[in-house]
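Comments concern the structure below.
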Amino acid sequence: MDSGIRQPFEASAGGSRGELPSWVARALWWGPAALVLTVVGTSVLVAGTERGWRLPVALALVLAQVCALRWQVRAPVRVLAVNAALGLAVWALLPAVSLTGALLAAQVTLCVLSATRSRRVSLGALAAMCVPAPLAFGRAEPAGRRSIC
């Protein structure tokens, strides 16, 4: 802009156009990372007790999801694919964790993708995220057992 007034997110700390300021990029990582660790991490701990080897593997997958969130602003499509695959793996290891909870990191990344990419890309990603939903309906819980998260 010629008037010297900057629009939000017009320039980053580095000064190049189109990049988020560094404090926003950090907030877009720390906030979702804390959310995923709190919600999914706790659910995995509760659902994984007395599951033997599944608990440490599921916790490692949750930590991998949190680490992948670091790049969600730069490469949201790739991070969405990684977090969706890791979330499905957590859900396969611990069926007591709900599919929605296991895919929480991917849902956060889908929000970032929707804000930073075109509608065509974000609608395609949303459709892809809906593909595993019938699996959750097909997996019946025994009477008296409920999903966590």
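Taking the average, over residues, of other Cβ atoms within 10 Å as the packing measure, peptides 45-54, 28-37, 64-73 rank 64-73, 28-37, 45-54 from highest down. Think of a 1.4 Å ball rolled over the protein heavy atoms: region 10-108 then has 50 Å² of accessible area per residue.
The equivalent ellipsoid of region 40-149 has semi-axes of 26, 16, 9 Å, largest first, where each one is the square root of 5 times an eigenvalue of the Cα gyration tensor.
Working from Cα pairs under 8 Å separated by at least six residues, relative contact order for region 16-81 is 35 percent.
With both labels modelled 7 Å from their Cα along Cα-to-Cβ, the Trp23 to Leu123 distance reads 3.7 nm. Label 7 Å along Cα→Cβ of Cys67; region 87-121 residues with amide nitrogen under 15 Å? What the label zone holds, given the 15 Å backbone N cut-off, is 87. For Val97, the amide hydrogen comes within under 5 Å of the amide hydrogens of Ile148, counting only partners 5 or more places away or on other chains and with H modelled in the peptide plane.
Protein heavy-atom surface of region 39-149, 1.4 angstrom probe: 66% of the accessible area is carbon and sulfur, with nucleic acids and ligands not counted. Measuring r between the beta carbons of Thr49 and Phe137 and using R0 = 30 Å, the FRET efficiency lands at 0.70.
The values are calculated or read from the model by the stated rules, or taken from the named source; none is laboratory data. Please read all numbers here as calculations on a predicted model, not as lab measurements. Ideal geometry is used to build each Cβ from the backbone, glycine not excepted, and the neighbour counts take in all protein chains shown. Keep in mind that these areas ignore ligands, DNA and RNA; they rest on the heavy atoms of the full protein, side chains included. Shrake-Rupley method; radii C 1.70, N 1.55, O 1.52, S 1.80 Å.
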